[in-house]
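The values are calculated or read from the model by the stated rules, or taken from the named source; none is laboratory data. Predicted, not measured: the structure shown is a model, and the values here were computed from it. Every residue, glycine among them, receives a Cβ derived from its backbone with ideal geometry; neighbour counts consider all protein chains shown. Heads up: the accessible areas ignore ligands, DNA and RNA and are worked out on the full protein's heavy atoms, side chains in. Shrake-Rupley method; radii C 1.70, N 1.55, O 1.52, S 1.80 Å.
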Amino acid sequence: MAFPDGFGWGAATAAYQVEGGWDADGKGPSVWDTFTHQGGERVFKNQTGDVACGSYTLWEEDLKCIKQLGLTHYRFSLSWSRLLPDGTTGFINQKGVDYYNKIIDDLLENGIKPIVTLFHFDLPQALEDKGGWLSETIIESFDKYAQFCFRTFGDRVKLWITLNEPNMFALMAYDLGRFPPGVPHLGTGGYQAAHNLIKAHARSWHSYDSLFRKEQKGLVSLSFFIAWAEPADPNSASDQEAAKRVMAFHLDLFAKPIFTDGDYPEGVKSQIAAMSTKQGYASSRLPEFTEEEKKMIKGTGDFFAVQYYTTCLARLKENKKGELGALYDAEVEISTDPSWVNLDWVYVVPWGIRKILKYVKETYNNPAIYITENGFPHSDLTSLDDTQRWEYFRQIFQELLKGIQLDEVNLKVYCAWSLLDNFEWTQGYSSRFGFFHVDFEDPARPRVPYSSAKEYAKVIRNNGLEGQK
Ligand code: NOJ
C-alpha cells in the first residue's frame with residue numbers, strides 16, 4: 001500500500017480564489033474583479049473574491065495549514081495583475097514580487113517544493129480590454145510575463161505550470177461566456193482562444209528552454225482538466241467511438257499539439273470542418289497552425305499534468321440541426337450512471353483516474369505524470385466531520401496505487417484540491433473543496449481542519465495507505 005520513495009504529496013490553491021486584497025498595494029484589476037463587481041447574478045449571490053481567504057495578508061496561516069498536513073509540495077498561482085498591474089512589464093509592482101518571494105522562501109525553508117502556476121483564469125483587465133485570449137497579441141504579453149516570472153522566481157521555483165486547465169478555460173470564458181469576460185462566442189470563441197493559449201504556452205516554454213533552463217534546471221508544462229469518458233454501453237462500437245471523441249475534443253485537442261506533433265487531432269479537425277461547412281461557414285471554425293507554428297508547439301511539455309474530478313458516459317448523437325457550440329461539434333451525448341454519488345457537478349468515480357493515467361501513458365508515450373488537482377466538494381457545509389469525503393480520497397489513492405503498480409504509469413506527484421475552502425468561481429463560497437474550513441463571515445478568516453486533514457497528514461507521513469509506521 002506504499003507509494004514509491006520520493007513520491008510528492010501536495011495541495012493546491014489559486015490566487016483569485018484565496019488571496020483577496022484585490023486592490024491592495026498597487027494590484028491592478030483582473031477580469032474576475034471586473035466580472036464579480038458587475039453583479040448580475042452570474043456568480044452565486046453575487047459573491048466576490050475581494051477578500052476570499054485573505055491569503056494576501058494571512059499567508060502565515062496558510063503556511064501553518066501546509067505544515068500541519070506535512071505537504072512535500074504546495075501548488076499556488078501568481079496573480080498576473082498583482083505583479084504587473086496593467087499586464088505589461090512597463091510597470092512592476094514590487095509589493096507583489098515581495099509577497100510571492102515570501103511564500104516561495106517560506107516554503108523552501110520548510111522543505112516544501114513550490115509548484116507555481118502562471119495563469120489560473122485571472123487575466124489582467126487591461127489585457128482583456130485588448131481582446132484577451134481571443135487576440136493574438138496575448139501570446140507576446142504572456143511570454144513577457146512568463147519570462148519576468150522565470151527571471152524573478154526561477155532561481156527557487158523548479159516546477160512551473162504555465163496555464164491552468166486551458167481546455168476548460170477556453171470553453172467557459174470564450175465559448176460559453178460563463179466566465180469573464182462573460183460574452184459567449186458559441187462554436188468559435190473556444191477554438192480561437194485555444195489556438196492562442198496553445199501558442200502562448202509553447203512560446204513561454206521556448207523562452208524557458210533557451211534563456212533559463214540551463215541555469216535554473218526546472219520543468220515547465222501546463223495542466224489539463226480531464227474527465228474520463230466511458231462508453232455508455234461498453235460493448236457498443238458506436239459508444240466506444242463516442243467516448244474516444246470526448247477524449248479527443250476535450251483533451252487531445254490541446255495535448256496532442258503540445259505532446260505529440262504540433263497539430264490538432266485529425267478526427268477533431270475533420271469533424272469541426274464538416275460541421276462548419278454544414279453551418280455555412282467558408283472555412284473551419286477551428287483555426288489551423290502553420291508548419292512553422294507546429295514545429296514551435298511540438299514537444300513543449302516537460303511533464304503531463306492531470307486534473308481529475310469526474311467521469312461521464314458517452315454515446316453518439318447527431319447534431320442534426322447544426323447547433324453551434326464546441327459542445328455540439330463532437331456529436332456526443334453525455335450522461336452519468338445513477339449509481340454514482342453526485343456532489344455538485346462532480347460524480348464520484350475513483351476508477352476514472354486510473355483509466356486517465358493509463359490513457360495518458362499510452363497516448364502520450366509514457367510521460368512523467370503530475371496530478372496537479374483532484375478533489376471533492378463537501379456535501380455538508382455545517383460539519384467539520386468529512387469522513388465520507390475522506391473515503392473518496394482513499395479510493396482515489398487505491399486507484400493511483402493500481403496505476404503505479406499494475407499499469408506502471410510514471411506518476412510523480414499528487415496534489416489535492418484544495419488546501420482551503422475558497423472562492424469556487426461562479427459558485428462563490430457555496431461549494432467547498434478544502435482540507436481546512438474557512439469562515440467567510442469572520443473578518444479573521446480562521447482556518448479549521450476538517451477531519452480529512454488529519455487523515456491526509458497520515459497518508460503523507462506513511463507515504464501510503466494504512467499499514468506502515
Ligand atoms: C479546477 C480549477 O483549476 C480550480 O480553480 C477549481 O476550483 C477546481 N477545479 C474545482 O472546481
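Listing for the model above:
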{"read-out": "Helix-only CD estimate at 222 nm, as mean residue ellipticity for the chain, using -39500 (n - 2.57) per DSSP H run (n ≥ 4)", "value": "-11000 deg cm²/dmol"}
{"read-out": "Shape call, the range 321-450: gyration tensor on alpha carbons, a/c limit 1.5", "value": "oblate"}
{"read-out": "Lysine pairs within the range 147-256, Cα separation less than 17 Å, 8 or more sequence positions apart or different chains", "value": "4"}
{"read-out": "Förster radius 22 Å - calculated FRET efficiency between Lys102 and Glu441, Cβ distance, rounded to 0.05", "value": "0.20"}
{"read-out": "Estimated inter-spin distance, Asp261 and Asn366, nm [label 7 Å along Cα→Cβ]", "value": "2.2 nm"}
{"read-out": "Virtual spin-label span in nm between Leu211 and Asn410, 7 Å along Cα→Cβ", "value": "2.8 nm"}
{"read-out": "Among Gly177, Gln94, Gln17 the positive-end extreme of the charge dipole of the chain (Cβ point charges)", "value": "Gln94"}
{"read-out": "Linear extension gain, Arg42 paired with Ala237, 0.36 nm per residue minus alpha-carbon span", "value": "66.2 nm"}
{"read-out": "Extended-chain gain in nm, criterion 0.36 nm per residue less alpha-carbon gap, Gln427 and Thr34", "value": "139.8 nm"}
{"read-out": "Of the trypsin sites (Lys or Arg not before Pro) in the range 312-362, those whose Cβ has at most 15 other Cβ within 10 Å and which sit in DSSP loop", "value": "Lys317, Lys320, Lys321"}
{"read-out": "Positive-end extreme of charge dipole, the chain - chosen from Ser30, Ser204, Met275 (charges on Cβ)", "value": "Ser204"}
{"read-out": "Shape of the range 121-238, Cα gyration tensor, a/c cut at 1.5", "value": "oblate"}
{"read-out": "Sulfur and carbon atoms: percent of accessible area, the range 140-297 [1.4 Å]", "value": "55 percent"}
{"read-out": "Charged-residue dipole, Cβ positions (Lys, Arg, Asp, Glu), the chain about Cα centre, Debye nearest 20", "value": "820 debye"}
{"read-out": "Shape call, the chain: gyration tensor on alpha carbons, a/c limit 1.5", "value": "rounded"}
{"read-out": "Backbone HN-Hα couplings from phi across the range 2-19 [Karplus 6.51/-1.76/1.60, Hz, Gly and Pro as x]", "value": "9, 7, x, 3, x, 4, x, 10, x, 9, 10, 9, 9, 3, 5, 6, 10, 5"}
{"read-out": "Hull shadow area, averaged, the range 189-308 [alpha-carbon convex hull, nm²]", "value": "8.8 nm²"}
{"read-out": "Extension gain, Lys64 back to Lys278 (0.36 nm per residue minus Cα-Cα distance, nm)", "value": "71.3 nm"}
{"read-out": "Calculated FRET value between Lys294 and Asp129, using beta carbons and R₀ = 30 Å, to 0.05", "value": "0.45"}
{"read-out": "Spacing of the two label points (7 Å from each Cα toward its C-beta) at Glu109 and Glu331, in nm", "value": "6.1 nm"}
